[in-house]
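Reviewing the structure listed below.
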Amino acid sequence: MTDFRWALTFIAPYAAIFIAFFVYPFGYALWMASSSSLYTDLIADRSYLPAVVSTLLFVGLGVNLKMFLALLLSGFFLRPSWWIKALLAVFILPWLIAAVQAGISFHWMLQQQGLIDGLLFALFGIEGPIWLNDRWLAIGANVVAYIWKWMPFWTVIFLVARMTIPRDIYDSAEIDGATGVRRFVHITLPLLANLYLVCTLLSTLWTFGDFTTVFIVSSGAPTGYSDVLATLGFRYAFDLGNPALGVAAVMSALPLLIPIAILLMRRFQMSEVRL
């Protein structure tokens, strides 16, 4: 009995922190968004369905393009040349920059007669579009900014994973005539497949909650059509003064997030069993 009391004494502070900083905020958010009338109002709002489409495009394109390019670039940066190592140091700089500063830079480059329009005119003699006046261009700008910011992080993850693959496997494959693309398809990709899937699922969960990129790069332009659920919820809560509707907008992504989280946990369990 004494041991049980001592155990409770040690666990109590951690349990209190868990309840105060996770259970209570999340439970309160669920309570706020529990009214079915909120979701009726949400679906009826003209901004909601465009935000759902923008969210799916932002997450789907952003995550998959980022992870695929990161996997390819990790092979490039694996080369031993000194100038490639120096280039890697420059390549990871966007990841080191705060997301706010990176977003502001992209936002101003996209302004009319900004850097991008100036380069288009100087190099090709054409007038650039007003990027943030078109919904699809604005969504594309958000995706590009997101990839530019976060691709270095995942490139380093895949680079480290590639370095753990025994060199003997590649030497044997080279003797058998498997080089270049064939070596990547038949050796590298199968060995990194589980890591690639886990990283993609984890990145998907994070990206659904990405607020900074969209809020700063496109600011939802034009007229909210490039908003994602995270930024739309913010506008409901603070611009319209309806926090319950804002929470409902964000919570409406749970039917997609929960299966992804469950799949991620199962992949972790499978990895533990293999170990």
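The values are calculated or read from the model by the stated rules, or taken from the named source; none is laboratory data. Because the structure is predicted, anything quoted here is derived from the model rather than measured. Because the Cβ atoms are built from the backbone with ideal geometry, glycine has one as well, and the counts that use them run over all protein chains shown. Protein only, heavy atoms only, side chains kept; ligands, DNA and RNA dropped before computing areas. Shrake-Rupley method; radii C 1.70, N 1.55, O 1.52, S 1.80 Å.
Some observations on this one:
- Selection count where residues are part of a helix (DSSP H, G or I) and under 30 Å from Pro80 (Cα atoms), scope segment 124-171: 25
- Selection status of Trp108, assigned to a helix (DSSP H, G or I) and over 30 Å from Leu257 (Cα atoms): yes
- Within segment 129-159, restricting attention to residues that are of a type in the set (D, E, K, R) and farther than 30 Å from Gly75 by Cβ, the residue that is nearest to the chain's Cα centre (by Cα) is Arg135.
- Ile126 at pLDDT 90 or above and either aromatic (Phe, Trp, Tyr) or over 24 Å from the mean Cα position of the chain (by Cα) (or both): no
- Between Phe58, Phe121, the distinction of being surrounded by fewer than 18 Cβ atoms within 10 Å (Cβ to Cβ), touching an Asp or Glu at 6+ places or on another chain (Cβ under 9 Å) and in a helix (DSSP H, G or I) belongs to Phe121 only.
- Residues satisfying the stated conditions in segment 190-207, i.e. exposed (fewer than 15 other Cβ atoms within 10 Å of the Cβ), within 30 Å of Ala253 (Cβ to Cβ) and not polar (S, T, N, Q): Ala193, Leu197, Trp206
- Among the residues listed as Ser218, Ser226, the single one being closer than 24 Å to Leu96 by Cβ and of a type in the set (Gly, Ala, Ser): Ser218
- Note on segment 230-275: among residues that are of a type in the set (Ser, Thr, Tyr), assigned to a helix (DSSP H, G or I) and buried (at least 19 other Cβ atoms within 10 Å of the Cβ), the one that is modelled with the highest pLDDT is Thr231.
- The residue pairs whose first member lies in segment 195-207 and is within 17 Å of Ile258 (Cβ to Cβ), whose second member is aliphatic (A, V, I, L, M) and open to solvent by 20 Å² or more (accessible area, probe 1.4 Å), and whose beta carbons are closer than 7 Å, counting only pairs six or more residues apart or on different chains, are Leu201/Ile260; Leu201/Leu263; Thr204/Ile260; Leu205/Leu257; Leu205/Ile260; Leu205/Ala261.
- Residue ID - most open to solvent (accessible area, probe 1.4 Å), chosen from residues in segment 157-181 that are out of contact with any helix residue (DSSP H, G or I) (no Cβ under 8 Å at 6 or more places or on another chain) and closer than 18 Å to Leu71 by Cβ: Met163
- Count - residues of segment 194-229 that are within 23 Å of Leu110 (Cβ to Cβ) and part of a helix (DSSP H, G or I): 8
- Search result, residues across segment 71-95 that are assigned to a loop (DSSP other than H, G, I, E, B) and open to solvent by 90 Å² or more (accessible area, probe 1.4 Å): Arg79, Pro80
- Pairs with Cβ under 8 Å, 6+ apart, first in segment 215-229 and closer than 13 Å to Trp131 by Cβ and open to solvent by 20 Å² or more (accessible area, probe 1.4 Å), second in a helix (DSSP H, G or I) and among the charged types (D, E, K, R): Pro222/Arg135
- If you go through segment 100-118 and pick out every residue that is open to solvent by less than 40 Å² (accessible area, probe 1.4 Å) and touching an Asp or Glu at 6+ places or on another chain (Cβ under 9 Å), you end up with 2.
- Ala145 passes every criterion in (1) buried (at least 20 other Cβ atoms within 10 Å of the Cβ); (2) more than 24 Å from Leu61 (Cβ to Cβ); (3) among the small types (Gly, Ala, Ser) apart from (2).
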